[in-house]
1. Kindly indicate which of G31, G77, G81, G73 is in contact with a strand residue (DSSP E or B) (Cβ under 7 Å, 6 or more places away or on another chain) and surrounded by fewer than 17 Cβ atoms within 10 Å (Cβ to Cβ).
2. Do we have any residue at all in the range 25-36 that's of a type in the set (A, V, I, L, M), at pLDDT below 95 and over 21 Å from M119 (Cα atoms)?
3. So which residues in the range 94-122 are surrounded by fewer than 18 Cβ atoms within 10 Å (Cβ to Cβ) and on the phi < 0 side of the Ramachandran plot, if there are any at all?
4. Just the residues that are at pLDDT 95 or above and touching a Ser or Thr at 6+ places or on another chain (Cβ under 7 Å), please, taken from the range 47-68.
5. Using the structure shown, decide if R125 is crowded, with 22+ Cβ neighbours inside 10 Å and either within 20 Å of L185 (Cβ to Cβ) or among the basic types (K, R) (or both).
6. Does A123 qualify as being within 19 Å of V142 (Cα to Cα) and assigned to a helix (DSSP H, G or I)?
7. Taking the range 44-77, which residues are farther than 24 Å from A109 by Cβ and part of a helix (DSSP H, G or I)?
8. Looking only at the range 78-91, count every residue that is of a type outside the set (A, V, I, L, M, F, W, C) and in a strand (DSSP E or B) and tell me the total.
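The values are calculated or read from the model by the stated rules, or taken from the named source; none is laboratory data. Worth saying up front: this structure is predicted, and the values here are computed from it rather than measured. Here Cβ is always computed from backbone atoms with ideal geometry, including for glycine, and neighbour counts include all displayed protein chains.
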Amino acid sequence: MSKYLRFFLAVSLLLFAMACSTQQNSNSGTGDPELEAQARAALQQLLETAPTARDLHDRAKAVLVFPDILRAGFGVGAQGGRGVLFGPDGKVLGYFRATAVSWGLQVGAQTLSEALFLMTDAAARQPFDSSGWAVGVGPTVVVADAGAARTMNTTTLQADVYAFIFGQQGLMAGLGLQGQRITRLNL
């Protein structure tokens, strides 16, 4: 049992350090074709499984996709991943990092994908804020997993941002408070 405890603590500390990091990557403006391909594939997976996501995609000013977020915790947890912001025409507008720290009754590790549909011009500008974007501060955000998304009705949707969590793998159990921060990467 102590072997598993050490594993979860090590992963939690590693992710915590990653979440607290403010260093941005630089790659001389060439972008990240592999990350872009993963983000496009993850978005396509969501659009095929959640009709509401397709409707939102058609109306969104931009879509920010994090294809592979790693989340782990044991009491204190963290998550992190990199993503791509796509314009309404599918053009890459930028690359971003999502990090979060959580605390509460939680244990486990999992990977997941996240798509943020930015529905207004103000919401589409939010990720470019030089200090980063603390999700939940500013534009109104509605969070839905792919299952809940099937019952959403686009005629009643009024939020600035819709966040879809999908493709979960692994096991993460418990309750916790969490704040996600999104910062721009210089790729």
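1. So the residue among G31, G77, G81, G73 that is in contact with a strand residue (DSSP E or B) (Cβ under 7 Å, 6 or more places away or on another chain) and surrounded by fewer than 17 Cβ atoms within 10 Å (Cβ to Cβ) is G31.
2. Taking every residue of the range 25-36 in turn, none turns out to be of a type in the set (A, V, I, L, M), at pLDDT below 95 and over 21 Å from M119 (Cα atoms).
3. W103, L105, V107, Q110, T111, T120, D121, A122
4. K61, F66, P67, D68, listed by residue number.
5. On the way: crowded, with 22+ Cβ neighbours inside 10 Å: no; either within 20 Å of L185 (Cβ to Cβ) or among the basic types (K, R) (or both): yes.
So R125 fails the test.
6. On the way: within 19 Å of V142 (Cα to Cα): yes; assigned to a helix (DSSP H, G or I): yes.
Yes; evaluated as a whole, the condition is true for this residue.
7. Applying the first criterion (farther than 24 Å from A109 by Cβ) to the range 44-77 yields 44, 47-48, 50-63.
Selection gives Q44, L47, E48, P51, T52, A53, R54, D55, L56, H57, D58, R59.
8. Qualifying residue count for the region: 5.
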